[in-house]
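Contents: one structure, followed by commentary.
Each value in this text was obtained by applying a stated rule to the coordinates, not by laboratory testing. In this text, all values refer to a predicted model and were calculated from it rather than measured experimentally. Quick reminder, even Gly has a Cβ in these numbers, built from the backbone with ideal geometry, and neighbours come from all protein chains shown.
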Amino acid sequence: MGAEHKALLFHTEVGWLSRGKVLARVYELQEDLKVFLTNEGSEYTKLLASEEYCARLAYLADIFYYLNELNTRMQGRNENLLTRTDKINRFRSKVQLCQRHVGNGNLEMFPLTNKCQGVNTAALFTTEYLDCVRDPFSSASAFGMDMTLQEQEKLTELKQDRCLKLSFDDLPLDSFWLAAAKEFPMLAHKAILTLLPFSTTYLCEVSFSSLTAIKTKNRERLRAVDEELRVCLSSIPARISAPSSSKQPQVSH
């Protein structure tokens with residue numbers, strides 16, 4: 001297609017997804033990917049055709065650029081706790097600088113996002129509307145800019161529910177919203193969609209590490225690893241004693 005890159009980057013070529021090159025490469029090849037996915041009849045075509053989705057992808061790629069830059073600078077044989085602390089503090093100062101510029105509508109520190117036209121990119125950086133998800137009972141939590149009138153009415157009702165307020169202090173945030181889904185399904189659904197996305201690539205990297213440990217040269221004939229990966233990555237501990245108790249052990253005669 002005359003693209004600058006010859007191929008997409010996958011985890012087999014990039015050791016860690018946290019390097020961020022995968023995101024940048026997908027963004028740079030979005031038009032070629034859209035053509036390819038259209039020919040394949042994929043439902044993901046509509047995502048790459050969305051200006052808002054591409055703006056979010058650019059925003060994520062810009063963020064990972066700074067994180068990858070910090071990660072690279074902290075590597076090396078001569079690095080120690082003192083030098084890394086200095087670099088982390090410099091990174092925090094840069095984040096504060098970014099916040100000030102974004103607050104003034106200047107997105108020059110996010111070059112890919114700054115190129116997006118026709119999208120309210122400033123809304124990508126706004127997180128105040130998520131306060132009602134963090135603590136719906138706080139007096140400081142205001143109505144979100146994208147909340148409908150019906151959602152605002154339900155949030156007002158939730159604030160007056162003393163039973164949910166008591167459970168909010170005892171339950172984790174995700175468990176609270178799951179418990180509130182029975183009475184306030186609209187608000188709970190929106191809160192869960194906010195909490196559901198992965199905040200880091202940690203789980204992806206764990207799965208790759210688990211796959212590397214499972215599929216070694218000693219098990220090269222192992223083709224399907226779905227069940228093994230499910231056991232390794234599940235948060236539910238495997239009860240090996242349950243199936244083994246129903247089996248007759250082989251004893252010596």
- What aspartates and glutamates sit close enough to LYS115 to cross-link, taking a C-alpha to C-alpha distance under 14 Å and skipping anything fewer than 8 places away on the same chain? GLU28, GLU51, GLU52, ASP62
- Subtracting the Cα-Cα distance of ALA242 and GLU69 from 0.36 nm times their residue separation yields 57.5 nm
- Query: Which peptide among 34-41, 183-190, 71-78 comes first, and what is the full order, when sorted by highest mean count of other Cβ atoms within 10 Å?
  - Reply: 183-190, 34-41, 71-78
- Taking GLU79, GLU4 and counting other C-beta atoms within 10 Å, the order from fewest to most: GLU4, GLU79
- Note on the structure: Taking a ≥ b ≥ c as the square roots of the Cα gyration tensor eigenvalues, with a/c under 1.5 meaning rounded and otherwise prolate when a/b beats b/c or oblate if not, the stretch 17-124 comes out oblate
- Which ordering of LYS215, LYS46, LYS182 is given by a fewest-first count of other beta-carbon atoms within 10 Å? LYS182, LYS46, LYS215
- Mind giving me the FRET efficiency for SER175 and GLN152? R0 is 30 Å, r the Cβ-Cβ distance, nearest 0.05 is fine. 0.80
- Query: Once the piece of chain linking ASP131 and LEU196 is laid out straight, how much longer is it, given 0.36 nm per residue of separation minus the C-alpha distance between them?
  - Reply: 21.8 nm
- Note on the structure: At R0 = 30 Å the Cβ-Cβ FRET efficiency linking SER234 and VAL35, nearest 0.05, sits at 0.20
- Note on the structure: Contour minus Cα-Cα span, VAL95 to LEU81, at 0.36 nm per residue, comes to 2.9 nm
